[in-house]
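Beneath this line is the structure, given in structure tokens, with notes to follow.
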Amino acid sequence: MTKAEGASSLIRLFDPGACIFSEGEPGDCAFLIEEGVVDISIKRDGGDVTLAQRGAGDIIGEMAIIDGRPRSASAVAVSPCHMIRITRDQLQNRIDHLDPVLRHCFDTVLARFRETMRQVTVSQPAITANSLVGRREQSEVIQSIRTEYELARAIENNEFRLYLQPILELEQQSIAGFEALLRWQHPERGIVPPASFIPIAEASGQIRLMTQWVFEQCCIAMTSIEELGAHRELFISLNVSSIDLSDPDLCGRLADTLCRYRVNAGVFKLEITESVLMEDTERAATILQECRKMGFSVAIDDFGTGYSSFSYLHKYPADCLKIDRSFVESVCDDQRSAQIVSAMSTLADNLGIPVVAEGIETSDQARKLNELGCRFGQGFLFARPMPMQDALKLEVIDRGERRANRQITSVSSSPHSKIDTHRHLDRKRYSHV
Ligand code: C2E
Ligand code: CA
Ligand code: CA
């Protein structure tokens, strides 16, 4: 029997009759069958007993990488097979983040299954595969494993780009800082938005490397801003995931990076979403406190969309609230949204922390939000997320305009309009997505 392998480590091709793995050998990976049929058999009384046949969408060989014990059966290709390889590392992060009760059930099922396998005799019928996962879910699993491989390559090949979206002080309409947003320059698919890959990177644990990369880029951006002579405190906000907040090495890594780039933690805000905070409150709170001690600010992102916004504010001392776009988009047309935004900014005011309104698309929204007490705003009205170099140029232009405005207002006694609808940050020129 020959084992035929594909060129990449992602896909493996097996000819009919090829042995995919053998009973008793150590297992370093599982396989997702993309195409083909596989026989699963065990040796009993000197012969092979077929236990089951597996087909497209099934995973085989997963037990050995979950419990680290030798293969309990052999797998042989019946027809030409396309298999996607899944390594122990890819599963480990998912297993680590399983609910403990589920994890216990999982271990119990595995142990019982191995025991049943041990007792199988020649006369017993084959076990048939009854997948609980439907066709659609199967193709999602395949796509997600593929993306995981591509992400590993993306990290090595430098395919990520840091985009920055300006955050403005609404009253003066000047840039106060930027939010760092990750983009993936995929060699075939072009720019891939984060919603298509962040959840996969979180499930696989690759997000840690990505957060580290984003943070380094933010340090580089901050150094460039300082070199360009911005004599004011601009900040950069970066998104931090729940996986980062379960990592005891996070603070150490951040501290090393700050040291390497000689940047002060005080210029960075860590944006945490409420759903993140819901997962492991104690551990997340401890890590966040440590970050604050180092000088980082903490912003609660998408405020108002989680289950229990008030209890988060109670548990996690936040330095800033970001009001979710869902409230902003209806703030002019829906009295209730306006009242909610007003209540949120009063709350923030009482806590002595500023509010950033997200997703501002019209001048009316900007004006209304400013009236309701939002100090900062971010949205396509002002500028879209853009490559770092463009954002830095924009900051220089903004600085020049502020200087010119100061000169104009110092010689003019005319009242300064709160929101100048003509002064959007040159969004025609900076229309990146
Ligand atoms: P988020 O943190 O809430 O980021 C704001 C999102 O709103 C960004 O989407 C931004 O492009 C978009 N946005 C800004 N202004 C407007 C507007 O006026 N209208 C509309 N329709 N959208 C606006 P993006 O860049 O696609 O990011 C989506 C989400 O992906 C982010 O939501 C964040 O949760 C996540 N993400 C992005 N970069 C990173 C990262 O480096 N690390 C982590 N962990 N998550 C990230
Ligand atoms: Ca954010
Ligand atoms: Ca947000």
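The values are calculated or read from the model by the stated rules, or taken from the named source; none is laboratory data. Since this is a predicted model, take the numbers as computed values, not measurements. Backbone-built Cβ (ideal geometry, glycine too); neighbour counts: all protein chains shown.
Of the numbered criteria (1) over 23 Å from Ile323 (Cα atoms); (2) at pLDDT 95 or above, the one Glu227 fails is (2). For segment 231-268, the tally of residues that are out of contact with any helix residue (DSSP H, G or I) (no Cβ under 7 Å at 6 or more places or on another chain), part of a helix (DSSP H, G or I) and under 21 Å from Pro166 (Cα atoms) stands at 1. If the condition is being assigned to a helix (DSSP H, G or I), closer than 17 Å to Val298 by Cα and within 16 Å of ligand 3 (Cβ to nearest atom), then segment 346-376 contributes only Ala348.
Among the strands (runs of 3 or more DSSP E) confined to segment 42-105, the ones with at least 3 residues that are in contact (Cβ under 8 Å) with a residue 40 or more places away in the chain and surrounded by fewer than 19 Cβ atoms within 10 Å (Cβ to Cβ) are located at 47-54. Mind checking whether some residue in segment 377-386 is surrounded by fewer than 20 Cβ atoms within 10 Å (Cβ to Cβ), over 30 Å from Ile220 (Cβ atoms), in contact (Cβ under 8 Å) with a residue 24 or more places away in the chain and within 24 Å of the chain's Cα centre (by Cα)? No: segment 377-386 contains no residue that is surrounded by fewer than 20 Cβ atoms within 10 Å (Cβ to Cβ), over 30 Å from Ile220 (Cβ atoms), in contact (Cβ under 8 Å) with a residue 24 or more places away in the chain and within 24 Å of the chain's Cα centre (by Cα). Going by the structure shown, is Ala201 out of contact with any strand residue (DSSP E or B) (no Cβ under 6 Å at 6 or more places or on another chain), assigned to a helix (DSSP H, G or I) and within 14 Å of ligand 2 (Cβ to nearest atom)? Considered against the rule, which asks whether it is out of contact with any strand residue (DSSP E or B) (no Cβ under 6 Å at 6 or more places or on another chain), assigned to a helix (DSSP H, G or I) and within 14 Å of ligand 2 (Cβ to nearest atom), Ala201 comes out as no. Taking the criterion of being away from ligand 1 (no atom under 16 Å from the Cβ) and of a type outside the set (S, T, N, Q), the residues of segment 287-311 that qualify are Glu290, Arg292, Lys293, Met294, Gly295, Tyr307, Phe310.
Inside segment 324-367, can you point out the residues that are of a type outside the set (S, T, N, Q) and within 11 Å of ligand 1 (Cβ to nearest atom)?
Within segment 324-367, the subset of a type outside the set (S, T, N, Q) is 324-325, 327-329, 331-334, 336, 338, 340-341, 343-344, 347-349, 351-361, 364, 366-367.
Of everything in segment 324-367, those that are of a type outside the set (S, T, N, Q) and within 11 Å of ligand 1 (Cβ to nearest atom) turn out to be Asp324, Arg325, Val328, Glu329, Val356, Ala357, Glu358, Gly359, Ile360, Glu361, Ala366.
In segment 302-337, which residues are part of a loop (DSSP other than H, G, I, E, B), among the small types (Gly, Ala, Ser) and within 11 Å of ligand 3 (Cβ to nearest atom)? The one that is part of a loop (DSSP other than H, G, I, E, B), among the small types (Gly, Ala, Ser) and within 11 Å of ligand 3 (Cβ to nearest atom): Gly304.
Taking every residue in segment 290-309 that is farther than 29 Å from Leu258 by Cβ and pairing it with any residue that is at pLDDT below 90 and β-branched (Val, Ile, Thr), at least 6 positions away or on another chain, the pairs with Cβ-Cβ distances below 9 Å are Thr305/Thr273; Gly306/Thr273. Does segment 235-247 contain any residue that is touching a residue at least 24 places away in the same chain (Cβ under 8 Å), polar (S, T, N, Q) and surrounded by fewer than 17 Cβ atoms within 10 Å (Cβ to Cβ)? Scanning segment 235-247 turns up no residue that is touching a residue at least 24 places away in the same chain (Cβ under 8 Å), polar (S, T, N, Q) and surrounded by fewer than 17 Cβ atoms within 10 Å (Cβ to Cβ).
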